[in-house]
Amino acid sequence: PMATPEDVYAELRQVYDPEIPVNIVDLGLIYDIKVEGTTAKITMTLTSQACPEARTIPEVMKRRCNTLDGVDETEIEIVWEPAWGPHLISEEGRKILGIDEDAEAEA
């Protein structure tokens, strides 16, 4: 069976930014996922270009995605445009982090 982008998202929800108790999907770090043949192609960003985990997060992502049925290879492209910001965090992520949306809207 072929893996779907949803399958890949499900795996990536198990991957966390070590400094933040929210997974990388809910943080809004994943911009795009395509599955072409047996290759998962992920376009993502990181919370900062100086992120000490910049090396390890993609490695963990690859290990997880490569366990999916139908995925033999995972290609990760890290982009800095559009820049990541707290506005990309999901509602679920905001709850975990205690970010009040009203406070942000008024700011």
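The values are calculated or read from the model by the stated rules, or taken from the named source; none is laboratory data. These numbers come from a predicted model, not from an experiment. Heads up, the Cβs are rebuilt from the backbone with ideal geometry, glycines too, and the neighbour counts pull from every protein chain shown. Accessible surface areas use protein heavy atoms only, side chains included; no ligands, DNA or RNA. Shrake-Rupley method; radii C 1.70, N 1.55, O 1.52, S 1.80 Å.
Label-to-label distance, T39 versus R13, with points set 7 angstrom from Cα along the beta-carbon direction: 2.8 nm. Taken over the alpha carbons of the chain as equal point scatterers, the Debye sum produces base-10 log I(q)/I(0) values at 0.09 Å⁻¹ of -0.24.
Can you pull out the trypsin sites (Lys or Arg not before Pro) in the stretch 1-88 whose DSSP state is coil and whose Cβ has at most 11 other Cβ atoms within 10 Å? Within the stretch 1-88, the qualifying trypsin sites (Lys or Arg not before Pro) (loop, at most 11 other Cβ atoms within 10 Å) are R55. With all protein chains in place and a 1.4 Å probe, the accessible surface of the chain carries 49 percent carbon and sulfur. Computed extension gain for S90 through T4, at 0.36 nm per residue and net of the alpha carbon distance, reaches 28.8 nm. Accessible area per residue for the chain is 59 Å², calculated with a 1.4 Å probe on protein heavy atoms, without ligands, DNA or RNA.
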